Amino acid sequence: MSAIAYFDLTGKTALVTGSSGGLGLAMARGLAEAGAEIVLNGRDADRLAQAAESFGERAGQVHFSVFDVCDEEAIKGAFGRLDNEGRVIDILINNAGVQFRRPMLELESADWRRVLETNLTSAFIMGREAARRMVARGGGGKIINIGSLTSEVARATVAPYTAAKGGIKMLTRSMAAEWAAHGIQANAIGPGYIDTEMNKALTSDANFDAWVKGRTPSGRWGLPKDLVGTAIFLASAASDYVNGQTIYVDGGMLAVL
Ligand code: GCO
């Protein structure tokens with residue numbers, strides 16, 4: 001196999017949750033450029049339609065499915081529709097997530113539960129529905145969960161996000177433990193501080209901005225495109241013997257004090 005062929009996703013279909021913008025859309029675009037058919041997901045049909053149109057000449061490779069990853073019945077319905085369309089999901093990227101910044105002393109239980117549902121439980125349910133189909137058709141498939149720096153370290157005011165992302169790391173290992181025998185590779189990407197809509201409160205804070213740039217060996221915020229290569233790697237044959245790992249794309253932040 002030629003070196004580049006390891007990364008060719010031609011003939012594969014990828015479902016990316018939370019992909020009407022931000023990291024999800026960037027990774028979806030990268031997988032499309034590597035040859036994959038794409039199923040975008042989000043809760044807003046208009047935003048998804050605009051996102052699909054943004055693929056330009058590759059728009060023919062792009063479909064979308066509107067459902068809330070916190071709604072198990074909606075997830076099952078979406079997979080049922082994909083089954084009926086004969087659309088086999090070879091690659092699942094569990095990207096959907098929310099952030100909610102509040103000190104725990106002031107944090108309401110409902111907000112805790114909402115973040116854990118969106119950022120962690122959804123990855124389990126999506127992963128189970130995808131893996132059931134991967135196993136039923138004889139095995140094989142790629143699951144990529146989106147973790148975070150906070151899969152490893154904590155900072156004040158983001159406890160539910162941190163707990164969920166720590167759970168993503170261990171859910172990923174659990175998926176490997178149970179599904180590797182079926183030829184499924186389940187891995188995670190741990191983004192560092194990426195300049196996205198979710199972090200606009202941070203990038204616009206001069207002190208936080210300076211802290212990220214000083215604390216990150218690369219000296220800059222990450223960009224959504226910085227995750228694309230790792231996503232293609234974990235979605236492709238290049239990672240067929242990689243399982244249960246979390247790869248940090250963080251400019252070196254976790255590597256240094
Ligand atoms: C925060 C940020 C972080 C980053 C990212 C770091 O408030 O600290 O939102 O959580 O988004 O997850 O990996």
Worksheet item: So what is the relative contact order of segment 153-231, in percent, for Cα pairs below 8 Å that sit 6 or more residues apart?
Response: 22 percent
Discussion item. Can you compute the modelled spin-label distance between ALA3 and SER54, with each label point 7 Å from Cα toward Cβ, in nm?
Written reply: 3.2 nm
Practice prompt. Starting from the Cα-Cα distance between THR157 and SER109, subtract it from 0.36 nm times their residue separation and give me the gain in nm to one decimal.
Written response: 15.9 nm
Worksheet item: Quick one: if the Förster radius is 35 Å, what FRET efficiency do LEU254 and ASN84 give, using the C-beta to C-beta distance and rounding to 0.05?
Response: 0.20
Discussion item. Which of the three applies to segment 128-243, rounded, prolate or oblate, going by the alpha-carbon gyration tensor with a ≥ b ≥ c and a/c under 1.5 meaning rounded?
Written reply: prolate
Practice prompt. Indicate the helices, whole DSSP H runs only, in the chain that combine a mean Kyte-Doolittle hydropathy of -1.0 or more with a Cα extent along their long axis of 20 angstrom or more.
Written response: 122-136, 159-179
Worksheet item: Farthest toward the dipole's positive end in segment 17-96, which of ILE75, ASN94, GLY56, given Cβ charges of +1 (Lys, Arg) and -1 (Asp, Glu) about the Cα centre?
Response: GLY56
Worksheet item: Is there a pair in LYS76/LYS200; LYS142/LYS213; LYS12/LYS200; LYS142/LYS225; LYS76/LYS142; LYS142/LYS200 whose C-alpha atoms are over 25 Å apart, and which pairs would that be?
Response: LYS76/LYS200; LYS142/LYS213; LYS12/LYS200; LYS142/LYS200
Worksheet item: Normalised by the number of residues in segment 3-250, what is the relative contact order in percent for Cα pairs under 8 Å and 6+ residues apart?
Response: 21 percent
Worksheet, complete the sentence: When all Cα-Cα pair distances of the chain are considered, the percent exceeding 27 Å is 33 percent
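No value in this document is a laboratory result; all are computed from the given coordinates. Source: prediction; values computed, not measured. Here the Cβ is made from the backbone with ideal geometry for all residues, glycine too, and neighbour counts use every protein chain on show.
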